[in-house]
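Below: the structure, in structure tokens.
The values are calculated or read from the model by the stated rules, or taken from the named source; none is laboratory data. Predicted model only: the values in this text are computed from it and were never measured. Here the Cβ is made from the backbone with ideal geometry for all residues, glycine too, and neighbour counts use every protein chain on show.
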Amino acid sequence: MTDFPTGSPADDTAATSRQERCLVLHPALKGARGDARTPQARLDEAMGLAHAIDLQVVEARVVPVARARPATLFGSGTVQHLGELVADLGEGDRPVGLVVVDGTLTPVQQRNLERAWKCKVVDRTGLILEIFGARARTREGTLQVELAALTYARSRLVRSWTHLERQRGGLGFVGGPGETQIETDRRLIGERIARLRKELKEVKRTRELHRAARRKVPFPIVALVGYTNAGKSTLFNRLTRARVHVEDQVFATLDPTMRRLELPAGRTAILSDTVGFISDLPHELVDAFHATLEEVCEADLLVHVRDISHPDTEDQKQDVHQVLTGLGLERAVAEGMVEVANKIDLLDPEEREALLTRAGRGNLPVVPLSARTGAGCGELLAVVERRLAAAATVLELTLPFEDGATLAWLHDHGEVLEQAAGEDAMHVTVRLDPAQAARFEKRRPAGQ
């Protein structure tokens, strides 16, 4: 039998008795990807996903796969060896009840592996669905995730209707009563899918009304984007003095949060915290994922937060760019984003000093900072303010003295740079964000 490279198991002393014990496997398929990430990095990310739903990872391994087998993905000898490993990792009345395969399994492969290993098997799609199901809070988010979960479950005849109930806040792929029972009522699932799609149409209509109302807000919107666990929520809390939930795990934030942001020169903006991106997002979740990113598409400025201490930070950057491009934000990717190099406090002193020196000389188009300590956050606010000001429109207007409504509107929705009374009119110089400038043109009296 072959020995496989082994990852670092979780610290069992931190696990509680209620945590399900699991084995995490990353199948390193020969020639499958042109990805610069190492198999070990992929395995580490899969472990992070498992920890995100409170699983106790007792062992994690990279498993070389020369050729994917249609029946089991792994070769027969590997399947047997891993089955013995599952049995050996059990502790008395606490067996390994789950194997996470960091890849895509067909329904046949999942069923055969469960039979061979005598435990639950879940692939990357099922695991991410479970996380989204446990974390989604908005009405549309929960509906989209449930729709994705039902579509996923209907494709594999291994779950019953009762297993889709959220008895513990998740979606039921990882646990639940009677989980070995193989029965799926396609008619019930189909009816539920139809109802969900109808509800989603109504929710989307309401969301569009909310979006229209947000466009009337007299402040520019700045959205934080980035790979999951890059530190967006920590930075959001630091800049806005908010108390958004923060954890050192993937997908700690799933639903957008917006707060008022005060800029150095006194201007006000709205800062939005968004869901973290991830590579190989399951196609079942694409709609649900994009539904949580509406604030990104509406934002006046994007701030891309990167975990500069992560060994795969460059690959994560490309994943973020790919998602943004898919949202139709190619221009923002090419020229419009502010890039943040977060977690500089985790770098070696020499690396951190070199990064700060290059940035100080203007040789690095990013803002180095630590959201945890606050170092560099002042510079970020200054950059955001400059970028918003550069995108703004400066208008020189002549208003009749009796047109106090227009003057009040300009003060409420823009930055009045100069105001002087002439002999028969008021002369005003005002700076407006692009959205507000467009609104002013619609209400602008003729001749002004």
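Here G133 does not fit the description of being part of a helix (DSSP H, G or I) and either closer than 17 Å to P27 by Cα or modelled with pLDDT of 85 or more (or both). Residues in segment 105-154 that are buried (at least 22 other Cβ atoms within 10 Å of the Cβ) and of a type in the set (F, W, Y): F132 alone.
Here is a yes/no grid of residues against (1) loosely packed, with under 14 Cβ neighbours inside 10 Å; (2) over 26 Å from R241 (Cα atoms); (3) of a type outside the set (S, T, Y):
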{"site": "G376", "(1), (2), (3)": "no, no, yes"}
{"site": "V384", "(1), (2), (3)": "no, no, yes"}
{"site": "L388", "(1), (2), (3)": "no, no, yes"}
{"site": "A392", "(1), (2), (3)": "no, yes, yes"}
{"site": "L397", "(1), (2), (3)": "no, yes, yes"}
{"site": "E402", "(1), (2), (3)": "yes, yes, yes"}
{"site": "W409", "(1), (2), (3)": "no, yes, yes"}
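The numbered conditions (1) under 16 Å from K120 (Cα atoms); (2) surrounded by fewer than 20 Cβ atoms within 10 Å (Cβ to Cβ) are all true for D102 except (2). The single condition among (1) surrounded by fewer than 18 Cβ atoms within 10 Å (Cβ to Cβ); (2) in the same structural domain as Y227 (by TED's automatic domain parsing); (3) not basic (K, R) that V367 does not satisfy is (1).
Restricting G414, G404, G447 to those that are farther than 20 Å from T268 by Cα, of a type in the set (G, A, S) and at pLDDT below 85 reduces the list to G447. Among the residues of segment 336-346, are any more than 19 Å from K232 (Cβ to Cβ) and in the same structural domain as F277 (by TED's automatic domain parsing)? No. The single residue among A354, A359 that is crowded, with 17+ Cβ neighbours inside 10 Å, part of a helix (DSSP H, G or I) and in the same structural domain as E262 (by TED's automatic domain parsing) turns out to be A359.
Segment 180-290 holds strands (runs of 3 or more DSSP E) entirely within its bounds, and those carrying 1 or more residues that are among the basic types (K, R) and modelled with pLDDT of 80 or more map to 257-262. Filtering R306, R331 for residues that are basic (K, R) and surrounded by 14 or more Cβ atoms within 10 Å (Cβ to Cβ) leaves a single hit, R306. Figure legend. Inter-residue proximity from segment 117-128: first residues closer than 15 Å to L89 by Cβ, second residues of a type in the set (D, E, K, R), beta-carbon distance below 7 Å, spacing 6+ or different chains. Indicated pairs: K120/E114; K120/E179; V121/E114. When you look at D312, is it within 20 Å of K232 (Cβ to Cβ) and acidic (D, E), yes or no? Answer is yes for this residue.
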